[in-house]
Amino acid sequence: MKKNTILWFICLSGLFYTDLYAKHKVYDMTHFGLFPNTKINASPLIQKALDSIKSKMPTREKIILRFSPGRYDFYEENSTQREYYISNHDQDNPKKIGIALENMQNIKLDGQGSEFIFHGRMLPISLIHSSNCQLENFSIDFENPHIAQIKIVSNNPEEGIIFETAPWVHYRISNDSIFETYGDNWTARPSTGIAFEEKTKRLVYRTSDIYYSTKGIEEITPRLLRAPLWKDERLTPGTIIAMRTWLRPTPGIFLSRNINTSIRNVNVHYAEGMGLLAQLCENITLDGFNVSLKGNSDPRYFTTQADATHFSGCKGKIISKNGLYENMMDDAINVHGTYLKVTERINDYTLRGRYMHEQSWGFDWGENGDNVQFIRSATMDTIGYENQIVSITPYDNIMTKGCREFLIKFKNKIVSCINGNEGFGIENLTWTPKVVFSGNIIRNNRARGALFSTPRKTIVENNLFDHTSGTAILLCGDCNGWYETGSCKNVVIRNNRFINALTSLFQFTNAIISIYPEIPNLQGQKGYFHGGTNGKIIIENNIFETFDSPILYAKSVNGLIFRKNKILKNTQYKPYHWNTKTIFLERVKNEIIK
């Protein structure tokens, strides 16, 4: 009896084992020569492995790419090269890719805690034209970051600033006496930066972006230099500076044209652009995705060169939860679409539209059947009625990739006032997502905390905004400079904690929460940009711990509720903000403040 029981258990176990691996085929990456901790260039090895796996991969089989724990080094040499046009980044090509996942279905990349270290100027990971894919359990970093970290040693108004470079910074003095940093196939001449407190790693009070000249620099001893023209009394000895440029060639992770993507337990410690950039994707979940330092003992004071996460022209649902976003050079999250500027009215059914911002062009803007609306740039009023794309073709290029202008034919007749001379924008309403941003920590970063520009349901809850330096939450919209759509029609901001935001001034930083569309002619506006009906923007049950006055600024809103919020004043910093009002409303109606 006992023997039969054992045999029955073995048979059942065998069936379970077979069923499990019939559903998930696991590829051990060591079988393709990818061993950890070797310093061998992983770039060509991973591409060879992916090519082999794709050639054998059944259409619907679920695949796991499993890395053994440890460090993997990726170099530019023999890496995959692609022509990618990435929203809100520099449009220089080709890009050199560490791990290029393209045209994949049902793939999970499991790093098992591995460190992916990149060298030179690379795009670490791309996931393109794929569905039902997961990225899990790894970190991204660069051996030699393009941001140069220094420490102020002395500051004399007559002799300039003496500073010490961090031990990992590669630098030289150019023939024309300029401080240069360099690495594998790159050089930089930083002229701006962010100042951090040495002990707290927070931004120095009232410094914003600092600018300087290193002309005439001299080396006193190795790693100790004097910049005689750098004069800034705010930078006391001990201050840490992240010296940088405005370049942003690539994000840490690039997502484009994907459906149902999830990223879990992934850490981006540095990227020369954003931590993650997603464009034209449907349904993205980030759970435990971090743009962060390597713990309290990390000698670095900075993470990414730009935003932690950025979503451009996506749809479906974006869920971002349980993340840590710290010490980046821009916002934790930005969700928006892109206005095309009307440059020519061809006829009553056809317009020519153009991408206007220098860092956002070259990729798809819309598809046949997409719903659109039209905006007057000066007042940000919607003009006429919604319409539908019948056809969209590139105008200034043979194909969409790399183009800036489109010819767009619409289903219905276009309102007669829309033309290419007075300033009108086209907004794609189909490619707009719902958003849930919850359980995240945002701290010690430049500029702003979270930006949202989508008409669909947006929930911002249970987050900690800790010393974000600028506005903590911004509801924006701009058809004049950034050309980032659009209006917020259904927003709930609740159960968040805000600690000493607004220690510096940046763009759109009128209060801790700023509802700030860019409207050049507010007096001429006929409608309202944000909201739409009563109670469409709700701010409730939040805690504001602040040293200054401005809590809420709102412009061009119909239906704003601010209630059950607690404001706790402190004296950690001296009040300085030009806005001395707790609540500052401009052209707002149907508001409830209590």
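The values are calculated or read from the model by the stated rules, or taken from the named source; none is laboratory data. Quantities reported herein were computed from a predicted structural model and do not represent experimental measurements. Ideal geometry is used to build each Cβ from the backbone, glycine not excepted, and the neighbour counts take in all protein chains shown. For the accessible areas, the whole protein counts, side chains as well, though only heavy atoms, and no ligand, DNA or RNA atoms are used. Shrake-Rupley method; radii C 1.70, N 1.55, O 1.52, S 1.80 Å.
The convex hull defined by the C-alpha atoms of region 262-351 has an orientation-averaged projected area of 7.4 nm².
When a/c is below 1.5 the answer is rounded, else prolate if a/b is larger than b/c, else oblate, so apply that to region 269-310 with a ≥ b ≥ c taken from the square roots of the Cα gyration tensor eigenvalues. Could you put the intermediate results ahead of the total?
Values: a/c = 5.06, a/b = 1.86, b/c = 2.72.
Taking the square roots of the gyration eigenvalues as a ≥ b ≥ c, region 269-310 is oblate.
Gap in Å between the Cα centre of region 44-115 and the Cα centre of region 149-208? So the two Cα centres are separated by 34 Å. Put simply, the amide H of Ile346, placed in the peptide plane, has neighbours under 5 Å in Leu351, Arg352, leaving out anything fewer than 5 places away on its chain.
Note on region 140-245: Cα-only Rg and Dmax are 13.0, 42 Å.
Take the Cα of Lys39, step 7 Å toward its Cβ, do the same at Thr571, and the gap between the two points is 5.6 nm. Sparsely packed loop sites in region 49-92 (the trypsin sites (Lys or Arg not before Pro) outside DSSP H, G, I, E and B with at most 12 other Cβ atoms within 10 Å) comprise Arg60. Each Lys or Arg adds one and each Asp or Glu subtracts one; over the other residues with Cβ under 10 Å from the Cβ of Asn419, this totals -1. A Förster distance of 25 Å, applied to the separation of the beta-carbon atoms of Lys215 and Trp186, puts the FRET efficiency at 0.70. Only DSSP H runs of four or more residues enter the estimate; each adds -39500 (n - 2.57), and after division by the residues of the chain the mean residue ellipticity at 222 nm equals -2000 deg cm²/dmol. Taking amide H positions as modeled 1.01 Å from N, with prolines and chain starts lacking one, the residues under 5 Å from Ile319 and 5 or more places away or on another chain are Ile284, Thr285, Leu286, Val436. With θ taken as phi - 60° and the Karplus curve 6.51 cos²θ - 1.76 cosθ + 1.60 applied, the whole-hertz 3J(HN,Hα) list for region 367-383 is 9, 4, x, 5, 8, 9, 9, 10, 10, 7, 4, 5, 10, 6, 7, 6, 10 Hz, x standing for glycine and proline. In straight-distance terms, cross-link reach from Lys526 covers every one of the aspartates and glutamates whose alpha-carbon lies under 16 Å from its own, apart from those fewer than eight places away in the same chain; here that gives Asp381, Glu518, Glu586. Scanning residues 5 or more positions from Ser131 or on other chains, those with amide H under 5 Å from its amide H are Met104, Gln105, Asn106, Ile259, with H placed 1.01 Å from N in the peptide plane. Just flag the GluC sites (Glu not before Pro) in region 470-576 sitting in loop per DSSP whose Cβ has no more than 10 other Cβ atoms within 10 Å. Within region 470-576, no GluC sites (Glu not before Pro) qualify (loop, at most 10 other Cβ atoms within 10 Å).
Phi angles of region 336-344 translate, via the Karplus equation with coefficients 6.51, -1.76, 1.60 and θ = phi - 60°, into HN-Hα couplings of 6, x, 9, 6, 8, 7, 6, 10, 6 Hz per residue; Gly and Pro are given as x.
For region 304-315, the Karplus equation 6.51 cos²θ - 1.76 cosθ + 1.60, evaluated at θ = phi - 60°, returns couplings of 8, 6, 9, 4, 5, 9, 8, 10, 10, x, 9, 8 Hz by residue, with Gly and Pro reported as x.
Counting only the Cα atoms, region 414-490 fills a convex hull of 105 Å³ per residue. Among the trypsin sites (Lys or Arg not before Pro) in region 489-538, those located in a DSSP loop and surrounded by at most 13 other Cβ atoms within 10 Å of their own Cβ are Lys526. Between region 412-474 and region 235-292, the alpha-carbon centres lie 17 Å apart. Our note on the geometry: Cα centres of region 489-568 and region 373-406, 30 Å apart. Dimensions of region 460-514 based on its C-alpha atoms, expressed as ranges along the principal axes with the largest first, amount to 32, 27, 12 Å.
Taking label positions 7 Å along the Cα-Cβ direction at both Asp51 and Ser297, the computed distance is 4.2 nm, reported to one decimal. Summing charges over all other residues whose Cβ lies under 11 Å from the Cβ of Asn258, with Lys and Arg as +1 and Asp and Glu as -1, gives -1. In the full protein context, the chain carries 40 Å² of accessible surface per residue, based on a 1.4 Å probe and ignoring ligands, DNA and RNA.
Report Rg(Cα)/(2.2 N^0.38 Å) for the chain, keeping two decimals. Don't skip to the end; give the middle numbers.
Numbers: Rg = 25.6 Å, N = 594, 2.2 N^0.38 = 24.9 Å.
Relative to the 2.2 N^0.38 Å estimate, the chain comes out at 1.03.
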